[in-house]
Every structure is written in C-alpha cells, then in structure tokens.
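To keep things clear, I will list the structure first and then write my remarks on it.
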Amino acid sequence: MARYTGPVTKKSRALGQSLTGYDKYFEKKNYPPGQHGPSKRRKQKSDYALQLMEKQKAKYTYGVLERQFRNIFHDAHRKSGKTGEILFQLLESRLDNTVFRLGLSSTRNGSRQLVSHRHIVVNGKIVNIPSYRLKPGDVVGVKGNSQSLEMITHKVSQKSDVRKFTWLEWNADKMEGKFLAYPTRDLIPENINEQLIVELYSK
C-alpha cells in the first residue's frame, strides 16, 4: 500500500498551506523551507511552477501518489462536465476521504489506517481499500466489533464537522453515514485552484 511517509510539515511549508488541518509547527514557520529562512529575495514563480504547486497541494492533501493522481485526472477528463470539478468529486468519493469527512478520524492518514485495518464497512461489507470509490447511496459504517474502539468512540462523541458537508448524512446511533451525492466544487472546502491543475495536464 503505497503512500507518502515523508515530513508533512515541510511539504506544507513548501506549498504555502497546511495539508493536514491545524499544524502548530506550520503556524510557527509558515514560510518555505530553506537555510536562509523567510528571505524576501525569493523569485516570482512561473506559470508552470504555480500549476505544479496546485497539483502537489491536491496530491498531498488527499494522500495520493503521482500515478494515482494522474489516473484520477484522466478518469475525470473522460467524463462530461468540468474536468476540475469532476476531479475533486472523484477525490472526495474515495473511501478514506469519506471516513475522514464523517469525523471517524481527525486526519486522512488516520482514516486510511481505519480502512486498511478492516474497521470500515460499505453497504454492510468490509472494504479495506482506501481508494475505493463510493457511489451516491452507499452507506459507510464502522464494523460491529470495532465500534467500541476508543479511538473511534472518542471521535464520534465529539461534535463532528460532518454537518457542514451536505453531501454526507451521519447517523450517530448506527455509527454509519451515507454518501448522498457527488459534491459541487463550491461545497468542497479545500483551498486549491483546480483550473491550474487542468492547465498543467493539458500541456
């Protein structure tokens, strides 16, 4: 199961925004890494550099590697509609991302671990593939004997942000959520310019 395991805060600093939510180390040094610190002499970025940065933001935010991301983009490009919006809809429909949005884990890495360790079921069946794509109507829940795990009960007991994700519906009693529909781009909170990603792959 391939995934990025390097320093996340360093990547956040290089890309100019925290990739994992609140990061106290990023807040302390929210400028690009380098031996000279926050130098004012940094060169203006080229169009290609800006496009590449947006792609890197999306990759590291959603926890996918280069080949995976390219394949998702090509799938989005083959569908009718705005490629950039469809790209984000496919990323949001990943099982690990949905587990994260439902509030079962505070990070996407944590939700990926829940999936790969067979704690998550889709429509009543165990699915241990983090990249599994959900379809509208699919129900994502916690496996019966995993519902008592402290790491899960602690998160569920907290006030979850899932209420603001209108494409998801959460049932705390059953510890399951429903993927209602693919979200429109304006509902997805990630600060990424998808048009620059489309331009990068269109070269």
**Request:** Taking Ser18 as meeting all but one of (1) at pLDDT below 65; (2) in contact with a strand residue (DSSP E or B) (Cβ under 8 Å, 6 or more places away or on another chain), write down the number of the exception.
**Result:** (2)
**Prompt:** If we scan the stretch 66-85, do we find a residue that is in the same structural domain as Gln158 (by TED's automatic domain parsing) and either at pLDDT below 65 or out of contact with any helix residue (DSSP H, G or I) (no Cβ under 8 Å at 6 or more places or on another chain) (or both)?
**Reply:** no
**Message:** Take the conditions closer than 21 Å to Asn109 by Cα, assigned by TED's automatic domain parsing to the domain that holds Ser111, over 15 Å from the mean Cα position of the chain (by Cα) and outside any helix (DSSP H, G or I) and apply them to Val156. Does it pass?
**Reply:** no
**Complete:** Being over 16 Å from Tyr62 (Cβ atoms), assigned to a loop (DSSP other than H, G, I, E, B), of a type outside the set (A, V, I, L, M) and outside the structural domain of Asp75 (by TED's automatic domain parsing) narrows Pro189, Pro130, Pro136 down to just Pro136
**Request:** Give me a count of the residues in the stretch 131-188 that are hydroxyl-bearing (Ser, Thr, Tyr), more than 26 Å from Leu87 (Cα to Cα) and surrounded by 15 or more Cβ atoms within 10 Å (Cβ to Cβ).
**Result:** 1
**Asked** Restricting the search to the stretch 84-112, which residues are acidic (Asp, Glu) and closer than 12 Å to Arg133 by Cβ?
**Response** Glu92, Asp96
**Asked** So, of the residues in the stretch 23-65 that are among the small types (Gly, Ala, Ser) and modelled with pLDDT of 65 or more, which turns out to be nearest to Arg94 (Cα to Cα)?
**Response** Gly63
**Item:** Those residues of the stretch 194-203 which are surrounded by 15 or more Cβ atoms within 10 Å (Cβ to Cβ) and either more than 15 Å from the chain's Cα centre (by Cα) or under 15 Å from Val142 (Cβ atoms) (or both), in sequence order
**Value:** Leu196, Ile197, Val198, Glu199, Leu200, Tyr201
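The values are calculated or read from the model by the stated rules, or taken from the named source; none is laboratory data. Everything numeric in this text was worked out from a predicted model, so none of it was measured. Please note: Cβ atoms are built from the backbone with ideal geometry, for glycine as well, and neighbour counts cover all protein chains shown.
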